[in-house]
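No value in this document is a laboratory result; all are computed from the given coordinates. In this text, all values refer to a predicted model and were calculated from it rather than measured experimentally. Note that each Cβ is placed from the backbone with ideal geometry, even for glycine, and that neighbours are counted across all protein chains shown.
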């Protein structure tokens, strides 16, 4: 994932998009509802990443239809246990086609998961209740079943291109049961600035027959 300064889905039902939630009386709007993506600071931009690791899964693209399918195979830099990039600062050097998200690319990329905060905010939607900025707890992402932890078959280094076809899965493009819904009134919110998110918006620029996030 990068800041603005660095500047296919099986589940397309409307209820898969987090709804807007009213702000409590007398409360100011949180930054993700008060600002467009392009106006966010580097800290705000980074904090939008929930660290789920979904966008770091290998994807396959049908060259004829352009349809993108997710696999349960991870980028070689992703630590599937922690859902963190193992070399976040040098990821673009190591993975030459790593895509750094920008406000512009968020609107163009067709492989961002429906649960992705960048996508949701870009669509004018609120963050889900399990997002760390809403819950105040980084562990709420895993508790809601959003992260890839425990669901990854292995690293991309372990599979050939044709083997990836056998690892196509649908869960990365779906909201887990009970995980839908926007921020709730009274839930703790706030920007966490003490840690830097290291996954989520780290993308891989699509190749002719393969896409990775």
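Counting neighbouring Cβ atoms within 10 Å and putting the fewest first, the residues 148, 73 line up as 148, 73. Peptide packing for 29-36, 90-97 was compared via the average number of neighbouring C-beta atoms within 10 Å per residue; ordered from the highest value, the list is 29-36, 90-97. The order of the peptides 122-132, 99-109, 53-63 by mean Cβ neighbours within 10 Å, most packed first, is 53-63, 122-132, 99-109. Over all projection directions, the Cα-based convex hull of the range 96-152 averages an area of 5.0 nm².
In this structure, residue 93 and residue 28 have a Cβ-Cβ separation that, at R0 = 25 Å, corresponds to a calculated FRET efficiency of about 0.05. Each principal axis of the Cα cloud of the range 19-128 was evaluated for its coordinate range; sorted largest first, these ranges are 48, 34, 25 Å.
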